[in-house]
Amino acid sequence: METTRFLEVLGDDYRRLLGVAAGDLAVTVPTCPDWTLADLVEHVSMVYLHKVATMRLGTFPSPWPPEDLPPEAPADRLARAYAELTAEFARHTPETAVQTWYEPDQTVGFWIRRMVHESVIHRIDGELAAGLPPTEVPDDVALDGIDENLQAFLAYQVGRWPEEFAAALADCGGETLLVSAGGRGWLVRLRPGTVTVEAAEPDAAADATVSGTPSGVLLWLWRRTDDLAVRLSGKPSVSGKLCDLQRIATQ
């Protein structure tokens, strides 16, 4: 996706979340049951502000959160954080070097993409908390989000923090799972200590398949919907294993 498209989507989802933040902030977020809506809005605001500080410094800020953080209403802090985030993005090119947690991409472009998908998932959380039907994720955004989830969250984190996934992968022996949506496919291979993801045909052979609309598959991977939103075929043990891994990777 182009940067202009990323920023357009970021603005759309920010405005949806800001609208939800004008409602009852005491309601529980069903997809994040330890949070109220106020907690969710605060979380997104602080994520935005953390990225602002990271881009200004070129490295992660410490301490975080800052000790001089002013008291603000949740919606006011969200509005300020979004304004500062987009202003900071505008000061850099996507290629500008900056620290990220994803070693293969240490650029502002990584944070632009990451903040888009952070906002997509959490505005859905906000809509669900408010009792609203979630706005459909556009296909191009959802497909990019599927790719980010599988590559940057699942495969990369298994390699970076293998001890976190060791128990879940201990009994794997090279099983494959195809994730298929929107005419694209990702072949996920599971081995002890390793998960690999590669592009594949959307109907490639695999031990199990998860398929559906791009939005449905994205929300399933992020555990924001149940199995009814996708089509599961093949060995249930393999698709179940992916669910186990996603609980760790996306917690």
**OP:** Quick one: which residues, 5+ away or cross-chain, put their amide H under 5 Å from the amide H of LEU132? H built at 1.01 Å from N.
**Re:** none
**OP:** Using only Cα atoms, locate the centre of the stretch 153-212 and the centre of the stretch 1-54, then give the distance between them in Å, rounded to an integer.
**Re:** 29
**OP:** State whether the stretch 66-164 is rounded, prolate or oblate according to the following rule on the C-alpha gyration tensor (a ≥ b ≥ c being the square roots of its eigenvalues): a/c under 1.5 gives rounded; otherwise a/b larger than b/c gives prolate, and the remaining case gives oblate.
**Re:** oblate
Original post:
Listed highest first by mean packing, meaning other Cβ atoms within 10 Å per residue, what order do 3-12, 202-211 come in?
Top reply: 202-211, 3-12
Subject >> Total charge dipole magnitude, the stretch 139-249, about the Cα centre, Cβ charges on Lys, Arg, Asp, Glu only, Debye to nearest 20 >> reply: 240
Original post:
Using the Cα gyration tensor of the stretch 171-251, with a ≥ b ≥ c the square roots of its eigenvalues, what is the shape: rounded (a/c below 1.5), prolate (a/b larger than b/c) or oblate (neither)?
Top reply: oblate
Subject >> Choice from ASP76, ASP13, ASP125 with maximal GNM fluctuation in the chain (Cα, 10 Å cutoff) >> reply: ASP76
Original post:
Dividing the alpha-carbon radius of gyration of the chain by 2.2 N^0.38 Å (N being the number of residues), what value is obtained?
Top reply: 1.03
Original post:
Roughly how big is the stretch 1-82's charge dipole about its Cα centre, with Cβ charges of +1 (Lys, Arg) and -1 (Asp, Glu), in debye to the nearest 20?
Top reply: 260
Subject >> Equivalent ellipsoid semi-axes - Cα gyration tensor, the stretch 1-88, angstrom >> reply: 22, 18, 12
Original post:
So how do 65-74, 154-163 stack up, highest first, on mean other-Cβ count within 10 Å?
Top reply: 154-163, 65-74
**OP:** Can you tell me the FRET efficiency between LEU228 and GLN251 if r is taken as the Cβ-Cβ distance and R0 is 25 Å, rounded to the nearest 0.05?
**Re:** 0.65
Original post:
With charges set only on the Cβ (+1 for Lys and Arg, -1 for Asp and Glu), what does the dipole of the chain come to about its Cα centre, in debye to the nearest 20?
Top reply: 160
Subject >> Fewest-first sequence of PHE60, PHE89, PHE110 by Cβ atoms within 10 Å of each Cβ >> reply: PHE60, PHE110, PHE89
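A short reminder: the numbers here are calculations on the coordinates, not readings from a lab. None of these values were measured; they are calculated from a predicted model. Virtual Cβ from ideal backbone geometry, glycine too; neighbours counted across all protein chains shown.
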